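Reading through the structure tokens given below for one structure.
The values are calculated or read from the model by the stated rules, or taken from the named source; none is laboratory data. In this text the structure is predicted, and so the values were computed from the model without any measurement. Quick reminder, even Gly has a Cβ in these numbers, built from the backbone with ideal geometry, and neighbours come from all protein chains shown. The protein model used for the area step is the full one, side chains on, heavy atoms only, and it has no ligands, DNA or RNA in it. Shrake-Rupley method; radii C 1.70, N 1.55, O 1.52, S 1.80 Å.
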Amino acid sequence: MTSNAKTNESMKKISDIYQGDLLAFKANDEKYKVLLCISTYKEKSPQSFTFAALTYDDLEKPTPEKVLKSDFWGIGNTKNEHFKYPDIELNQIWSIHPETRPYFLGSYGLVIWRKDFLKFRDNFEVIGNLKIVDNLDKNGNGEMNVSDWDFIKDFFTNKINSLLSDRGQKTFKLKSIIKDEK
């Protein structure tokens, strides 16, 4: 494949998003940031995608391997029996974050409506897909609408730490929510 073909392939418009997709983008500080899709709603209109904010913050373009070393914003404070994780997933979470036991770990959700995402999708690149536990958004304790490109770029540059900390969120190792492929 030629260099030009590779560039065209990587810059291909995002036509759909799936749970586990990693979306890289540059924020206002010209550093790369990454969103992790934790759930999608596609059954009927309006469709939406819910993301976890990751702590990746680098001038270098991320790879899935580099992203796995980052954290995500969330909370460990619920025992929602309707959205319980399988024991194997709970044990993995608790082995990495024993301070959350006996509670479930959830992610703070950043919601982007599909109709809005289509307007600024060219600013994102899907860099991979991770097999993550289900119901991260259901076991979190909040979400916010981030369906504006200018807001996203500014949020990840200037507001993420203070706003999410003020909402009781902390960072947790991304590896804690990756499904074991065994």
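Quick look at the values:
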item	result
Heavy atoms of Thr55: accessible area, 1.4 Å probe, square angstrom to 10	50 Å²
Nearest-10 value in Å² for the accessible area of Leu35, using the 1.4 Å probe	0 Å²
Relative pair counts by distance (%), Cα atoms of region 117-167, 10 Å bins	18, 38, 43, 1
Nitroxide proxy distance, nm - points 7 Å out along Cα→Cβ at Gln47 and Asp16	0.8 nm
Cα-based helix-to-principal-axis angle, 87-96 vs the chain, degrees rounded to 10	80 degrees
Computed [θ] at 222 nm, deg cm²/dmol, the chain (DSSP H ≥ 4; -39,500 (n - 2.57); rounded to nearest 500)	-6000 deg cm²/dmol
Antiparallel bridge percentage (DSSP; both residues within the chain; nearest 5)	90 percent
Accessible area of region 79-182 belonging to carbon and sulfur atoms, whole % at 1.4 Å probe	48 percent
Under DSSP loop assignment and at most 12 Cβ neighbours within 10 Å, longest GluC sites (Glu not before Pro)-free interval of the chain	61-180
Candidates per trypsin sites (Lys or Arg not before Pro) in region 86-139, loop by DSSP, up to 14 other Cβ within 10 Å	Lys131
Residues of the chain: accessible area per residue with a 1.4 Å probe, Å²	54 Å²
Evaluated over region 52-182, the Cα radius of gyration and Dmax, each in Å	15.1, 42
Nonlocal amide H pairs with Asn80, under 5 Å, H built at 1.01 Å	Phe104
